1. Scan the range B:45-80 residue by residue and report those that are of a type in the set (Ser, Thr, Tyr) and either surrounded by 16 or more Cβ atoms within 10 Å (Cβ to Cβ) or more than 9 Å from chain A (Cβ to nearest Cβ) (or both).
2. Would you check if B:Leu119 is under 22 Å from the mean Cα position of the chain (by Cα), within 21 Å of B:Asn241 (Cβ to Cβ), modelled with pLDDT under 90 and aliphatic (A, V, I, L, M)?
3. Yes or no: the range A:102-112 includes at least one residue that is within 14 Å of chain B (Cβ to nearest Cβ), touching a helix residue (DSSP H, G or I) at 6+ places or on another chain (Cβ under 7 Å) and farther than 27 Å from A:Arg234 by Cα.
4. So for the range A:231-241 (the condition being at pLDDT 90 or above, assigned by TED's automatic domain parsing to the domain that holds A:Thr128, more than 30 Å from B:Ala79 (Cβ to Cβ) and assigned to a loop (DSSP other than H, G, I, E, B)), does at least one residue qualify?
5. Just to be sure, is A:Pro31 within 10 Å of chain B (Cβ to nearest Cβ) and modelled with pLDDT under 95?
6. Taking the condition in a helix (DSSP H, G or I), in contact with a Ser or Thr (Cβ under 6 Å, 6 or more places away or on another chain), at pLDDT below 95 and more than 30 Å from B:Ala205 (Cα to Cα), does B:Asn95 pass?
7. Can you tell me which condition B:Val64 does not meet? The list is (1) touching a residue at least 40 places away in the same chain (Cβ under 8 Å); (2) outside any helix (DSSP H, G or I), and all the others hold.
8. Here are the criteria: (1) in contact (Cβ under 8 Å) with a residue 60 or more places away in the chain; (2) touching a Pro at 6+ places or on another chain (Cβ under 8 Å). Tell me which single one A:Lys190 does not satisfy.
Amino acid sequence: MAGIPEATTRPQTAGPGHRTPLTQRMFGTQPIGYVFAGPYFIFWLALFAFPLGFALWMSLHDWFFAAPGAQVDRPFVGLDNYTSVIGDPDVRRAALNVVIFIAINVPLTVVVSMVLAYALNQALPLRTFFRAAYYVPYVTASVAMIAVWLWLFARDGLVNQVLGPVAPDPSWLVNRVWAMPIIALFATWKQLGFYVLLYLAAMQNVPEELYEAAKVDGAGVVRRFLAVTVPGVRSATTLVVILATIVGANFFTEPYLLTGGGGPNGASVSPVLLMYREGIEQGDAGYGAAIGVLLAVVVMTLSAINQFILEDRER
Amino acid sequence: MATEPEAGTDARRQRSSVAETTGTTSPDRDPRRLARRRATATVVGFVLLAAGAFVFLFPFWYMVVGSLQVEPNPTIAGAFPDPSNVTLANYGDINSRLNLLRTLLNSAVFTGGVILFTLALGLLAGYALAVLEFRGRGLVFSLVLLSLIVPFQLLMIPLYVMIVRTYGLADSYLGMILPFAVNATAVFIFRQFFRSIPRDLFDAARIDGASELQILLRLAIPIARPAILTAIIVTFIGPWNEFLWPFLITKEQSMQPLAVALANYITTIAGRAANPFGAILAGATVLAVPAVVLFLAFQKYFLQSDIGSSLKG
């Protein structure tokens, strides 16, 4: 656009009529874009940006629920909420549970979904069926799936019937040691199909020549998987680790329903369950918000570290 | 697990290389050996996939079988339907406790409302971000993406305070729907789609004197049908399966979506039913079926568009 007209208008460049109109320079050539993006942006402000700021603000105040219409004083308390959150033994237990959850969920997810995706990527019969089968738990409501797991892992449930004398006592969901691993196993099982497909998509982008070259060198299936596939899908692994970590930090439905409210005796309590209990049930919203802010900061830091470590190795 | 057959082929490799010491073919090029190796890999791969399918599908089978039992049978034999122990009474039982029709309707209104907001806001914003030139467009897109990073749980308490305590929207459909109206994934899907359409198409319509709104309604939206279907399907499973948010804001059972009503039944009143597991599993089946059927009917939208765009993004 700059080329041809310039020659003819050059003598008059100083004249205001030939410059881009002021509105265009300020808002772009199609300012109607503001009208189109506006409704979403307003919702974004009201339902995302404002609550985000509100969460931070609350966490710095003694913010509690009061009777509707009552004038109450909610003084600024600095980092008091944060210091009591950090000193709270329930929060520490919840943090430990997140660590247990992630330690089981993330490696299991990466290994199993990568292996299943690799098998799916071969020319095998019934591939379409398998691909769909793995995804079904992912599209089904947690509440429905937990109902089945409650029955499977009940004291007289099928799992214990199969195990017979090896069944743990007390049973899985009321056992202090086993409650958290079962929750992590449930979440891994439920989400796995999503990650299998993520890996499958990544594997289809690994150049076929690499496999051919490995074959010529005499590499078997396992060798090719380790030498070609695993490094070839590294960026997908980064994504899987980050997403699985985020899911791991935010679980709520599993301890609420599967282990009857974070039981036994708080052994499977999660940060979000505590946020619900303290921030909403007990009405101490400032305290609950502080848990939320800390949780978000930890998750984002972990994601950044994951990205740094996993992506860095690529170079 | 997968190393075992490999060890087997190694053993065979030694044997075959002994046999072939006089030949010039390297053991790795021997067609018979390669075929055998490929067959082993196929069998191992298939067994692996089948074992996976069993682990993923068995709970669904068990859910349906359990929902049909007169007497709950947790033994191994109970995993197979027994004609003398089959009944639909559990469905009647859960219906009398939860009012399935009403809670399903609540789930449908909640889900439908979220889809409606998602499409209306998302198509406008996606079109603007992909096609229209305005200052700050990049910034707006970054802000959209920002909401993907921040976990919903952080916003849970402030949203509860705003929606329930400030605006009095507890036990209302609008209160359930609003937090899900900001759907960054849908904006992302629409933006990607509109960017893939040649600009000339829109420019031609503009030269013909069409306004941007006309272009969006008469040209862009009709072409975007596959993207719209993807957005609807991907959005559907979110609110349909959602537990936390509607659980927080609905106390009256007549306003609860099925997932919330069933969860409350599990935690509070199940102990009093004659066959609590039968009733719970019947409710779980009713909750699971719509999402599973939708998935099976529109598989390719789940398996391709969603994953592909999230990887490339």
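1. B:Tyr62, B:Ser67, listed by residue number.
2. no
3. No, because not a single residue in the range A:102-112 is within 14 Å of chain B (Cβ to nearest Cβ), touching a helix residue (DSSP H, G or I) at 6+ places or on another chain (Cβ under 7 Å) and farther than 27 Å from A:Arg234 by Cα.
4. Yes.
5. Judged against the criteria, A:Pro31 is a match.
6. When the stated conditions are applied, B:Asn95 does not pass them.
7. (2)
8. Of the numbered conditions (1) in contact (Cβ under 8 Å) with a residue 60 or more places away in the chain; (2) touching a Pro at 6+ places or on another chain (Cβ under 8 Å), the odd one out for A:Lys190 is (1).
The values are calculated or read from the model by the stated rules, or taken from the named source; none is laboratory data. Since the structure is predicted, the reported quantities are computational estimates derived from the model, not experimental observations. FYI the Cβ positions are ideal-geometry reconstructions off the backbone, even for glycines, and counts take in every protein chain you see.
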